[in-house]
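The values are calculated or read from the model by the stated rules, or taken from the named source; none is laboratory data. This structure is a prediction, so every number in the text was calculated from the model and none was measured. Ideal geometry is used to build each Cβ from the backbone, glycine not excepted, and the neighbour counts take in all protein chains shown. Accessible surface areas use protein heavy atoms only, side chains included; no ligands, DNA or RNA. Shrake-Rupley method; radii C 1.70, N 1.55, O 1.52, S 1.80 Å.
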Amino acid sequence: MATQPERSSERGRKSGGREREREEREGEFVDKLVHINRVAKVVKGGRRFGFAALVVVGDQKGRVGFGHGKAREVPEAIRKATDAAKRTLIRVPLREGRTLHHDVEGRHGAGKVILRAAPPGTGIIAGGPMRAVFETLGVQDVVAKSLGSSNPYNMVRATFDALRRQDSPRSVAARRNLKVSVLQSRRREQEGEQAAVD
């Protein structure tokens with residue numbers, strides 16, 4: 001039969017292990033602060049300031065999410081936004097783990113974005129809020145253009161709309177009851193024809 005101190009040390013080991021797991025899970029995510037907004041409420045004694053933060057979180061391996069948080073202090077707003085982002089992660093299929101499978105458009109409100117796959121060595125050619133999304137997602141080569149609203153919230157949401165529309169050859173092949181190799185051979189033929197035309 002375990003004595004009281006032994007039991008408490010076992011419990012401490014278990015909870016310590018759980019905390020370590022949580023830290024490791026936290027460590028695998030990269031977060032980027034996209035935008036911080038200061039708002040003022042006029043009250044009898046003067047102004048009361050509040051802060052709103054927009055944060056993008058990702059594991060740089062194909063998972064990414066964004067969140068919005070409001071608080072009286074900046075660190076608290078960022079923490080709330082980061083927690084919200086981790087709750088809304090989406091998985092995006094990447095080609096060779098570095099770029100998108102195909103060109104895609106995304107919209108949200110007045111924000112419109114166009115994302116294009118790019119050859120190796122291109123780098124991330126994108127504006128501020130979109131760049132943060134691609135860096136946390138783990139995309140290395142992409143060309144992106146924002147048309148319309150330059151509001152960071154709309155730009156980020158439009159980018160996520162586009163990323164949700166990304167399809168991998170495997171999922172397309174499954175939908176069409178084809179083999180992935182057949183799909184990819186067709187793609188190579190089309191690319192060859194396009195190169196001949198250019």
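Here are the numbers for this structure:
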read-out: Net dipole in debye of the chain [+1 Lys, Arg Cβ; -1 Asp, Glu Cβ; about Cα centre; nearest 20]; value: 920 debye
read-out: Beta bridges per DSSP with both ends in the chain, % antiparallel, nearest 5; value: 95 percent
read-out: Helix 128-137 axis, angle to the chain major axis (alpha carbon atoms, nearest 10°); value: 90 degrees
read-out: Selection from A52, V113, A195 lying farthest towards where the dipole of segment 48-196 points positive, charges on Cβ; value: A52
read-out: Under the Karplus curve 6.51 cos²θ - 1.76 cosθ + 1.60, θ = phi - 60°, whole-Hz ³J(HN,Hα) for segment 34-44, x wherever Gly or Pro sits; value: 8, 7, 10, 10, 9, 10, 10, 10, 7, 10, 4
read-out: Within-10-Å neighbourhood charge of V55 [Cβ basis; K, R +1; D, E -1]; value: +2
read-out: Probe 1.4 Å, all protein chains present, accessible-area order of D31, D141, D83, largest first; value: D31, D83, D141
read-out: Of K70/K112; K112/K179; K32/K179, those spanning more than 31 Å from alpha-carbon to alpha-carbon; value: K112/K179; K32/K179
read-out: FRET efficiency, 1/(1 + (r/R0)^6) with R0 35 Å, evaluated for K70 and K179 via beta carbons; value: 0.10
read-out: Prolate/oblate/rounded call for the chain, Cα gyration tensor, a/c under 1.5 rounded; value: oblate
read-out: Calculated [θ] (222 nm, deg cm²/dmol) that DSSP helices of n ≥ 4 give over the chain, each run adding -39,500 (n - 2.57); value: -14500 deg cm²/dmol
read-out: Karplus-derived 3J(HN,Hα), 6.51/-1.76/1.60, for each residue of segment 75-91, Hz, glycine and proline x; value: x, 5, 4, 5, 4, 4, 5, 5, 4, 5, 5, 5, 7, 10, 5, 10, 9
read-out: Environment charge at I36 (Cβ cut-off 14 Å; Lys +1, Arg +1, Asp -1, Glu -1); value: +3
